[in-house]
1. Extending each Cα 7 Å along its Cβ direction at Val4 and Met22, get the distance between those two points in nm, one decimal.
2. Suppose R0 equals 35 Å. What FRET efficiency, 1/(1 + (r/R0)^6) with r the Cβ-Cβ distance, do Lys12 and Val70 give to the nearest 0.05?
3. Can you pull the one-decimal nm distance between simple spin-label points at Ile43 and Met61, each 7 Å off the Cα toward Cβ?
4. Candidates (i) 6.5; (ii) 5.7; (iii) 7.1; which is the computed mean projected area of the Cα convex hull in nm²?
5. What number, in percent, do you get for the relative contact order of the chain if the mean sequence gap of Cα pairs under 8 Å and at least 6 apart is divided by its residue count?
6. Return the lysines within reach of Lys17: Cα separation strictly under 20 angstrom, same-chain partners fewer than 8 residues apart disregarded; answer none if there are no such residues.
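Quick note: the coordinates plus some simple rules give every number you see, no bench work behind them. As the structure is a computational prediction, the values presented were derived from the model and not from experiment. Cβ coordinates were reconstructed from backbone atoms using ideal geometry, including for glycine residues, and neighbour counts include every protein chain displayed.
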Amino acid sequence: MKLVMGLMQMVKEEVDKGLVKMWGISPSGRNGFSITKRDEKDILAQTMKFTPYVKFTVEPMLSANDALAVLQQVQE
């Protein structure tokens with residue numbers, strides 16, 4: 001429990017600093033999500049703090065505006 005509390009404190013600090021825009025965990029404690037605008041290098045540095053205790057899957061996302069711009073380029 002001390003380990004989990006320490007990890008949660010690190011998450012809370014990142015949220016409080018605005019480095020993580022949104023964070024959530026399922027009631028089972030086995031799944032969750034984090035939303036950030038950091039670049040890939042920063043994401044690697046941050047996720048390494050939690051290794052080997054937490055397994056991450058990083059999925060880059062586009063905003064609606066970025067997706068629309070790509071679709072408009074493809075259409076031309």
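1. 2.5
2. Efficiency for this residue pair is about 0.50.
3. Result for the modelled spin labels: 1.1 nm.
4. Label (i) holds the value from this structure.
5. After rounding, I find 16 percent.
6. Lys37, Lys41, Lys49
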